[in-house]
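Following: one structure in structure tokens, then a few remarks.
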Amino acid sequence: MSAYVVFIRDETLDADELSTYGTLASQARGDHPITPLAFYGALEVLEGKSAEGVVILQFPTLEAAKDWYHSPAYQAAKEHRMKGASYRVLLTQGVEAS
């Protein structure tokens, strides 16, 4: 069953750190089975507080998503994300179409 990692950026704190994160996060993809579904496109908040941007990444399984997130390459990138902005990050399992 597919899994999704959802990044919700609430506030940018340091644009240089976010730039470094973007470079390192891209490199951290490696051979991981990631399909980007949304990547900082147009955003309209229908309910709740505002957000600066959203990224949704699809993985074939929860294990694949966790393997990527906990990989040394992504964890090195994550340090810069946390300095660069405040985010909410969610992992959820999808529903397969029948």
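The values are calculated or read from the model by the stated rules, or taken from the named source; none is laboratory data. Please read all numbers here as calculations on a predicted model, not as lab measurements. A quick note on method: Cβ atoms are made from the backbone with ideal geometry, for glycine too, and the neighbour counts reach across all protein chains shown. The accessibility values were calculated without ligands, DNA or RNA, using every heavy atom of the protein model including side chains. Shrake-Rupley method; radii C 1.70, N 1.55, O 1.52, S 1.80 Å.
Of note:
- Test: residue in the stretch 27-43 that is open to solvent by 30 Å² or more (accessible area, probe 1.4 Å), of a type in the set (S, T, N, Q), touching a strand residue (DSSP E or B) at 6+ places or on another chain (Cβ under 6 Å) and at pLDDT 95 or above: yes
- Residues located in the stretch 64-94, provided they are farther than 15 Å from residue 22 by Cα, touching a residue at least 12 places away in the same chain (Cβ under 8 Å) and open to solvent by 40 Å² or more (accessible area, probe 1.4 Å): 66, 67, 88, 89, 90, 91, 92, 93
- Filtering the stretch 72-93 for residues that are among the aliphatic types (A, V, I, L, M) and either touching a His at 6+ places or on another chain (Cβ under 6 Å) or farther than 20 Å from residue 25 by Cβ (or both) leaves an empty set.
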